[in-house]
Amino acid sequence: MKFRITLFATFAILLTACNMTLAEDITPPPGYVAPTPLPTLALYPAQPPSVENGKLIYVEKCAPCHGDTGLGDGEQGIQLGVTVRAFGLAEIARVASPAQYYAMVTRGNIERFMPPFNSLTDQERWDAVAYVMTLHTQAQEIEKGKQLFEANCAGCSLDIFKDQQKMSSFTEVELARLASQGGNGLPAFGSTLSEDELWAVAAYLRTLSFNTAPLATPQPLAQAQGTPASVTPTSANPETTPAETSQASTAGEATATLQPGFGSVSGVIDNQTGASLPSNLVITLRAYDHDASDPNAGPVETFSLESLVEQDGAYSFANVEIPAGRIFLAEVTYEGVELQSEFSVVEEGAQLVGIPPLTIYALTEDTTGLVMDDAQVIFEYGADSIAVYTLYSFRNPTDEMIVVPQDETGQIPFIKFPKDSSGFGFEPTQDSASFLSTANGFAIPPSDASYGLVAFSSLPKTDELNFSMPFDLPIASVNIFVPVGTTVENAQLTDLGIQTIQSFTYQIYESDSIAAGGSLAFTLSGEPSDAPVSASNNTTMLIGAGVLGAALLVAGFWMYRQDARKAQVAEEDEGEYESAEEVMDAIIALDDLHGKKKIGEKAYQKRRAELKEVLREAVEK
């Protein structure tokens, strides 16, 4: 089952009224000095970056903090009191692209005491990045990668690896994947290579977009060529004194004053796994804006940035453009599960944006922790077949995220289809708690809210259908909806009468609870008396939501189930307690369940508030 992200629909509903107008023109006060604007990002270099020139720049500008070999152990970096990125480590360098490093060099990271390097020309920044991207490799590894590439892909074109725009966006992880799996016009020439060999090939391919020729004469830095008038260095090497960036009076590019419209976006990973976070966990920040010319249109992604998560779960993005109304959210992939935070909207004048916490849980494939509350089984007759829709409502009250794999037929372990059925498929119901995508299935996070799935399949149409559907998990109740005119034979089912849903009339039956491994079985015969017979099988109607009728049909049953549940709860609550003492006993029992962690925090707080209200009314009587 491939779940569809509903982000844009949510944004369109909640934020179409947002005012996306930028700040109005304001007459500056006397003596006002406009701040130096941050450099514009050029997302790829105009010419191949020079590794040798980049080395000269690195030694002067970067090594004092990041260390001679890029391990974050420079003399000044050690004194900062923060972790300096060790891009000389392969596990950190391989997940970063040149464009990401270039953006950091250009705009800095004030929260980590790294200023923007405005004194360097655009090409010099790219040169420095090119050298930084070689610090985690050795010459012999690159030579080995060259030999492997020429031996396995002798006739392959090198055009893509010399395309500055494409190579600036590729991480070495993506280059290794390209070698292993093919793509962009290349065969999977590295499919038989070992992991170390793939990394060697990726390191070699990276160098094809660089100018690795030795410099005839050392190239001067931008300071020697003439410092821009707007920059006044306070020393011969201002950018390597980041500790001074906290002083607002410091001039030039060492100044940490945020430019108007720019700020920091930060958040935290709430680690509930019981283990340490991976050292190379990458967080992606996504920004969305409305189309100012079309206020009814949904948000459109403006840009994305990547960073590494600190061991304590914190992450931040500095010097990010944050106009009022911009929407931010964070994404992370943990052990193959794609996780996404709630979104934040920038308020007018804000310089700090906080992303809601993103929780990571321990993973398990054990589905026995799921609690199956109920199911609705609906039969729809076609000309040659009978479509069967089953709406499941269930919860995950455990402390683990349950990962559900799908086999080659699309089936999942904890939901079974009717015997002799075909054409299997799944979709989440309209008000289900959010599932998460994985490479070969989906994941179910712990939640007090209910999850909903509609499973659909097809059975051959016969005069007498012996229906049988197994249940992998125990289920409290099952309702069966059959068209009026058909006959159900099973003495164990309770007749609940007739109900009209979406213009169709159904006879409703209820089954007792079914144990794990048990089955719902009965005989179905006859023809519908008042429902039209479709010309073709409608089992595939829900796929892609291509036919509105089937979607509305299932929605109708879902609303019926919700209404029935609310009515049942209201009936149970009415007159539930005869005295204030009984209400107090109920509160004590609820507190005991919560103390033993047998009920979730949200459900506990909600029910306790309800009982307190009942107690107040009981005391007043």
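Please tell me if F504 is over 26 Å from F414 (Cβ atoms), in contact with a helix residue (DSSP H, G or I) (Cβ under 9 Å, 6 or more places away or on another chain) and assigned by TED's automatic domain parsing to the domain that holds F394.
So F504 fits the description; yes.
For the range 76-110, how many residues meet the condition of being over 20 Å from K166 (Cα atoms) and under 23 Å from the mean Cα position of the chain (by Cα)?
Matching residues across the range 76-110 total 2.
Name the residues in the range 95-112 that are crowded, with 22+ Cβ neighbours inside 10 Å and in a loop (DSSP other than H, G, I, E, B), would you?
A96, G108
Applying the selection to the range 387-402, what residues are in contact with a helix residue (DSSP H, G or I) (Cβ under 9 Å, 6 or more places away or on another chain) and either closer than 30 Å to D463 by Cα or part of a strand (DSSP E or B) (or both)?
Across the range 387-402, the qualifying residues are A387, V388, Y389, L391, S393, N396, E400, I402.
Quick one: would you say D384 is more than 27 Å from S529 (Cα to Cα), out of contact with any strand residue (DSSP E or B) (no Cβ under 7 Å at 6 or more places or on another chain) and in the same structural domain as A521 (by TED's automatic domain parsing)? Full working, then the answer.
Details: more than 27 Å from S529 (Cα to Cα): no; out of contact with any strand residue (DSSP E or B) (no Cβ under 7 Å at 6 or more places or on another chain): yes; in the same structural domain as A521 (by TED's automatic domain parsing): yes.
For D384, the condition - more than 27 Å from S529 (Cα to Cα), out of contact with any strand residue (DSSP E or B) (no Cβ under 7 Å at 6 or more places or on another chain) and in the same structural domain as A521 (by TED's automatic domain parsing) - is not met.
Here's the yes/no breakdown for (1) β-branched (V, I, T); (2) out of contact with any Lys or Arg (no Cβ under 8 Å at 6 or more places or on another chain):
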site: S432; (1), (2): no, yes
site: F442; (1), (2): no, yes
site: D448; (1), (2): no, no
site: V454; (1), (2): yes, yes
site: S458; (1), (2): no, yes
site: L473; (1), (2): no, yes
site: G485; (1), (2): no, yes
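Yes or no: E331 assigned to a strand (DSSP E or B) and either surrounded by fewer than 15 Cβ atoms within 10 Å (Cβ to Cβ) or out of contact with any strand residue (DSSP E or B) (no Cβ under 8 Å at 6 or more places or on another chain) (or both)?
no
Would you be able to say whether some residue in the range 145-161 is over 27 Å from C65 (Cα atoms), surrounded by fewer than 22 Cβ atoms within 10 Å (Cβ to Cβ) and within 30 Å of the chain's Cα centre (by Cα)?
Yes.
Taking the options L358, L370, L352, name whichever one is farther than 30 Å from G517 by Cα and crowded, with 17+ Cβ neighbours inside 10 Å.
Exactly one of L358, L370, L352 is farther than 30 Å from G517 by Cα and crowded, with 17+ Cβ neighbours inside 10 Å, namely L358.
For the range 349-372, name all the residues that are more than 30 Å from K416 (Cβ to Cβ), part of a loop (DSSP other than H, G, I, E, B) and touching a residue at least 60 places away in the same chain (Cβ under 8 Å).
Within the range 349-372, the subset more than 30 Å from K416 (Cβ to Cβ) is 349-360.
When the remaining residues are screened for being part of a loop (DSSP other than H, G, I, E, B), the result is 349-351, 355-357.
Once the filter is applied, which keeps residues that are more than 30 Å from K416 (Cβ to Cβ), part of a loop (DSSP other than H, G, I, E, B) and touching a residue at least 60 places away in the same chain (Cβ under 8 Å), the range 349-372 yields A350, Q351, I355, P356, P357.
Within the range 511-520, how many residues turn out to be within 39 Å of the chain's Cα centre (by Cα) and more than 17 Å from P418 (Cα to Cα)?
1
Quick one: which strands (runs of 3 or more DSSP E) lie wholly within the range 413-501 and hold at least 1 residues that are over 20 Å from the mean Cα position of the chain (by Cα)? Steps first, answer last, please.
Working: elements: 422-428, 436-438, 441-444, 447-460, 464-470, 475-483, 486-489, 494-501.
Once the strands (runs of 3 or more DSSP E) in the range 413-501 are filtered for at least 1 residues that are over 20 Å from the mean Cα position of the chain (by Cα), what remains is 422-428, 447-460, 464-470, 475-483, 486-489, 494-501.
In the range 177-206, how many residues are surrounded by fewer than 12 Cβ atoms within 10 Å (Cβ to Cβ) and either modelled with pLDDT of 85 or more or among the hydroxyl-bearing types (S, T, Y) (or both)?
Here the count works out to 4.
Restricting to the range 432-468, name every residue that is of a type outside the set (A, V, I, L, M) and out of contact with any strand residue (DSSP E or B) (no Cβ under 7 Å at 6 or more places or on another chain). Don't jump to the end; show me each part of the working.
Within the range 432-468, the first condition is being of a type outside the set (A, V, I, L, M), and the residues that meet it are 432, 434-435, 437-438, 440-442, 445-448, 450-452, 456-458, 460-464, 466-468.
Within the range 432-468, S434, D448, T462 meet the criteria.
From A324, A330, A318, A314, which residue is among the aliphatic types (A, V, I, L, M), over 22 Å from R85 (Cα atoms) and either free of Cβ contacts under 8 Å to residues at least 24 places away in the same chain or not assigned by TED's automatic domain parsing to the domain that holds F435 (or both)? Break it down stepwise before answering.
Numbers: A330 fails: over 22 Å from R85 (Cα atoms); A318 fails: over 22 Å from R85 (Cα atoms); A314 fails: over 22 Å from R85 (Cα atoms).
From the options A324, A330, A318, A314, the qualifying one is A324.
The values are calculated or read from the model by the stated rules, or taken from the named source; none is laboratory data. Quick caveat: nothing in here was measured; it's all calculated off a predicted structure. Ideal geometry is used to build each Cβ from the backbone, glycine not excepted, and the neighbour counts take in all protein chains shown.
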